[in-house]
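Some notes on the structure that comes next.
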There are 2 protein chains.
Amino acid sequence: MRWDPGPPPSFATLFEQAPLASYQALPAKFRLEWGPIYYRGRLDGSARLLIVGQDPSADENLVRRAMVGTAGQRVQGLLRKLGLDHGYVIVNASLYSIYGQFDAEMAGFMDQAAVRAWRNRLLDQLAQPGLQAVVGFGKAAAKVLDDWPGAAAFKAAQRLFQAQHPTARAPAALLKSWNQTLAALAPLLTPDPGVTPDPSPYPLSGFREQDLARVPAADLPFGMPAWLGQGDMATRLIKGQAKLKTPAANAAILWTAQADQG
Amino acid sequence: MRWDPGPPPSFATLFEQAPLASYQALPAKFRLEWGPIYYRGRLDGSARLLIVGQDPSADENLVRRAMVGTAGQRVQGLLRKLGLDHGYVIVNASLYSIYGQFDAEMAGFMDQAAVRAWRNRLLDQLAQPGLQAVVGFGKAAAKVLDDWPGAAAFKAAQRLFQAQHPTARAPAALLKSWNQTLAALAPLLTPDPGVTPDPSPYPLSGFREQDLARVPAADLPFGMPAWLGQGDMATRLIKGQAKLKTPAANAAILWTAQADQG
């Protein structure tokens, strides 16, 4: 059995200090009812790649880890191509699921002093000596990295990358950006033991089934069903949330089993 | 932040050896798709009370811990009256959610050599020197304890109790059995620091809101929503499961937020 027991004390302390009140002051912007999602992967200093995403969605709310749904499984496929199945850590620009896309209001929120200061402390604490590169996915992550003083060293060493969000609408542009990142990033990373990097480019037509990888059990809480980490398992009760504009105590997530044995 | 990181190595090893194949051979009896649920509470030898329940339901499948739904919150209320908010451990007669009630077929399953042997190893490993008493809730738990050789010492010391299942249909009979258990058990247990036992009996009319207690964060995985551990949050997609007789890959659980902030 492998699982992620939760953060080590240094990160648990930092998470306790997260600016949740700043999020809670904007109930029209964040799905506050599902609580904050902090990370996925290695917080013990063994991560060689730091990934910054946008925000958790329904799958992540269920599992309480970042990037475990379709977007996460696409990123996991990229990690596999980079030779990593363990030596990474993932955080998001927003601790809570956001309504809609990254927009000017979100950017303004991210500029709030408390929000920005805490986020930069988090990134500083993640940038431990063995870290070899940083990748941001999507516009919110780009802003996070632009606003992080610690990014300068990675930029100067050409070890900081911006790629499109893993579920960006236009597959050709998305996969072109991933191919560029893959080609430049692969030579910079020490692979995990037993994982052979595969820097062959993605076809620009779109993600194939084989381009996704399942989220490793080592990244998940104890005792999840055996099938967890693959498939599209979670949907909000009101799809698209077109009508639900603020957090509601009766908001719901539907969790569908991905196999007949767990 | 407090949370339960998962089992210590000695229990993780035991859980790895669980007779899951015996369950999986009976897909008409168990909701296999949600996987096994092993425990809630202390596995580090600090438990003074061992609780045996029946089987996990939808809430437990979500949280991956035993007794976190309404039944669990009723038991947690009893624990509070007994002076415990930490020093207990809970396991179930069945690792998987069962279809219907405890019946002759279930009893036959529980008599299978592999199932019984593993369950008794689990109970043996839980019966560490500081354990002061054992309580079984419901008929399945009664069978588990009857079949456990280790129960003899607790029986001889009048430290083994059988009470009705926390969601048994008839409240008067249920609460009468809980009152008897409470009165006999309370004097045997060392309370947790800062918890004052309250051995006053339950009114036989039924559980009141104040008779339930929330599941402590220390029993839950890392990073759950702040409201988790209270309320009735999980339902199966097909209520009552009258039509769904075998595990289905498209079985679903609906998770409803219990507050507008998590």
Practice prompt. Identify all residues within the stretch B:142-178 that are among the small types (Gly, Ala, Ser) and crowded, with 22+ Cβ neighbours inside 10 Å; write none if there are none.
Written response: B:Ala163
Discussion item. Would you confirm, using the coordinates I've provided, whether B:Lys139 is of a type in the set (D, E, K, R), within 25 Å of B:Leu79 (Cα to Cα) and surrounded by fewer than 19 Cβ atoms within 10 Å (Cβ to Cβ)?
Written reply: no
Worksheet item: Can you find a residue in the stretch B:61-84 that is within 11 Å of chain A (Cβ to nearest Cβ), touching a residue at least 60 places away in the same chain (Cβ under 8 Å), outside any helix (DSSP H, G or I) and open to solvent by less than 30 Å² (accessible area, probe 1.4 Å)?
Response: yes
Worksheet, complete the sentence: Of A:Arg214, A:Arg208, the only residue that is open to solvent by 70 Å² or more (accessible area, probe 1.4 Å), farther than 30 Å from B:Arg65 by Cα, away from chain B (no Cβ under 14 Å) and of a type in the set (Lys, Arg) is A:Arg208
Practice prompt. Give B:Ser205, B:Ser177 a once-over and let me know the one that is farther than 16 Å from B:Ala93 by Cβ, outside any loop (DSSP other than H, G, I, E, B) and in contact (Cβ under 8 Å) with a residue 12 or more places away in the chain.
Written response: B:Ser177
Response to the item:
Within the stretch B:68-108, residues in contact with a Phe, Trp or Tyr (Cβ under 8 Å, 6 or more places away or on another chain) and farther than 27 Å from B:Pro203 by Cβ come out as B:Val89, B:Val91, B:Ala93, B:Ser94, B:Leu95, B:Tyr96, B:Ser97, B:Ile98, B:Tyr99
Worksheet entry | Filtered residues of the stretch A:39-60 (kept if closer than 23 Å to B:Met1 by Cα, assigned to a loop (DSSP other than H, G, I, E, B) and either of a type in the set (Val, Ile, Thr) or under 9 Å from the mean Cα position of the chain (by Cα) (or both)) | A:Tyr39, A:Asp55, A:Pro56
Worksheet item: Can we say A:Ala18 is open to solvent by 10 Å² or more (accessible area, probe 1.4 Å) and either away from chain B (no Cβ under 13 Å) or hydroxyl-bearing (Ser, Thr, Tyr) (or both)?
Response: no
Worksheet item: Which of (1) closer than 30 Å to B:Trp3 by Cα; (2) under 17 Å from the mean Cα position of the chain (by Cα); (3) at pLDDT 95 or above is the odd one out, the single condition A:Thr181 does not satisfy?
Response: (1)
Worksheet item: Of the residues A:Gly100, A:Gly35, A:Gly87, which is surrounded by 18 or more Cβ atoms within 10 Å (Cβ to Cβ), within 27 Å of A:Trp255 (Cα to Cα) and not polar (S, T, N, Q)?
Response: A:Gly35
Discussion item. Pairs needed: first member in the stretch A:5-17, in contact (Cβ under 8 Å) with a residue 12 or more places away in the chain; second member anywhere, aromatic (Phe, Trp, Tyr) and part of a helix (DSSP H, G or I); C-beta distance under 7 Å; at least 6 residues apart or different chains.
Written reply: A:Pro7/A:Phe15; A:Gln17/A:Trp118
Discussion item. For the stretch B:136-187, give me each residue that is β-branched (Val, Ile, Thr) and under 23 Å from B:Gly100 (Cα atoms).
Written reply: B:Val144, B:Thr167
Discussion item. Condition first: of a type outside the set (A, V, I, L, M) and either surrounded by fewer than 24 Cβ atoms within 10 Å (Cβ to Cβ) or more than 12 Å from chain B (Cβ to nearest Cβ) (or both). Now tell me which residues in the stretch A:40-58 satisfy that.
Written reply: A:Gly41, A:Arg42, A:Asp44, A:Gly45, A:Ser46, A:Arg48, A:Gly53, A:Gln54, A:Asp55, A:Ser57
Worksheet, complete the sentence: The residue that is farthest from A:Leu228 (Cα to Cα), considering only those in the stretch B:21-38 that are within 8 Å of another protein chain (Cβ to nearest Cβ) and in a loop (DSSP other than H, G, I, E, B), is B:Pro27
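The values are calculated or read from the model by the stated rules, or taken from the named source; none is laboratory data. Everything numeric here is computed off the predicted structure, so don't read it as measured data. Here Cβ is always computed from backbone atoms with ideal geometry, including for glycine, and neighbour counts include all displayed protein chains. SASA here: full protein model, heavy atoms, side chains in, ligands and nucleic acids out. Shrake-Rupley method; radii C 1.70, N 1.55, O 1.52, S 1.80 Å.
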